[in-house]
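*Asks:* One structure coming up, written as structure tokens, with questions to follow.
The values are calculated or read from the model by the stated rules, or taken from the named source; none is laboratory data. Everything numeric here is computed off the predicted structure, so don't read it as measured data. Cβ atoms come from the backbone with ideal geometry, glycine included; neighbour counts cover every protein chain shown. These accessible areas exclude ligands, DNA and RNA; they are computed on the full protein's heavy atoms, side chains included. Shrake-Rupley method; radii C 1.70, N 1.55, O 1.52, S 1.80 Å.
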Amino acid sequence: MVKLIAGHFGTGKTKRIIQMANETLEKTTGNIIFIDDDKRHMYELKHDLRFISMDEYPVTTKDEFVGFLCGVLSNNYDIEYIFVDSLFKVIKMEMNELEDFMSKIEKISKTFDVHFNMTVSCDGLPESLKGYLEE
């Protein structure tokens, strides 16, 4: 399962994904990864979540990030959820590249049985991506 939380800057997407990650921790026995572009929200997350700050890694493109995710998953088979806050800050990507990226993430999700939840700041999603919207 791959879900997006999309909306304008400042609409509460980060608070929502942090709350989702913390609540998911109470419901699952597997590991949860929370990826952000920096460490500013690290202390809002429960300590049992694995936090990854992407400013520590030389990953900038969508293909590098997909490879990074595959590396994280290959290191730990118990990962059930990956939360990514501020996707467009984590990696350099334009809205027109998001559909291809989501297709790759969907394939990873199905192959490794991992749930992805990501936030994106945008004015609106293309129709082809609206099926990914978290309700």
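*Asks:* Per the helix-only calculation at 222 nm, which mean residue ellipticity applies to the chain, given -39500 (n - 2.57) for every DSSP H run of n ≥ 4 and division by its residues, nearest 500 deg cm²/dmol?
*Replies:* -11000 deg cm²/dmol
*Asks:* So if R0 is 35 Å, what FRET efficiency would LYS92 and THR29 give, r being the distance between their Cβ atoms, rounded to the nearest 0.05?
*Replies:* Once the sixth-power term is evaluated, E becomes 0.50.
*Asks:* Let me ask something additional. Which of these, LYS107, LYS27, LYS92, has the largest mean-square fluctuation under a Gaussian network model of the chain (Cα springs below 10 Å)?
*Replies:* Its mean-square fluctuation being the largest, the pick is LYS27.
*Asks:* Let me ask something else. Provide the per residue accessible area, probe 1.4 Å, for the chain, rounded to a whole number of square angstrom.
*Replies:* So the chain comes to 55 Å² accessible per residue, rounded to a whole number.
*Asks:* Which value, in Å to one decimal place, does the Kirkwood hydrodynamic radius take for the stretch 18-80 when every pair of different Cα atoms is included?
*Replies:* The answer is 12.6 Å.
*Asks:* So if we plug the beta-carbon distance of VAL72 and SER128 into 1/(1 + (r/R0)^6) with R0 = 30 Å, what FRET efficiency do we get, rounded to 0.05?
*Replies:* 0.65
*Asks:* Leaving out ligands, DNA and RNA, what percent of the accessible area of the stretch 66-133 is carbon and sulfur, probe 1.4 Å?
*Replies:* Here it works out to 47 percent.
*Asks:* Starting from the 7 Å offset along Cα-to-Cβ, what nm value, one decimal, do you get for the label separation of GLU99 and THR11?
*Replies:* Label at GLU99, label at THR11, 2.1 nm between them.
*Asks:* [x] 0.92; [y] 0.99; [z] 0.96: which one is Rg/Rh (Cα atoms, Kirkwood Rh) as calculated from this entry?
*Replies:* Only one option fits the structure, namely [x].
*Asks:* Right, something else. Compute the length gained on full extension between ASP38 and GLU56: take 0.36 nm times their separation in residues and subtract their Cα-Cα distance, giving the result in nm to one decimal.
*Replies:* Computed gain between ASP38 and GLU56 is 5.7 nm.
*Asks:* Please figure out what share of the DSSP beta bridges in the chain is antiparallel and state it in percent, rounded to the nearest 5.
*Replies:* 0
*Asks:* Give me the dipole magnitude in Debye, nearest 20, for the stretch 7-82 about the Cα centre, with unit charges on the beta carbon: positive for Lys and Arg, negative for Asp and Glu.
*Replies:* 280
*Asks:* Moving on to the next point. Once you charge only the Cβ atoms, +1 for Lys and Arg and -1 for Asp and Glu, what is the size of the charge dipole of the stretch 53-135 about its Cα centre, to the nearest 20 debye?
*Replies:* 160
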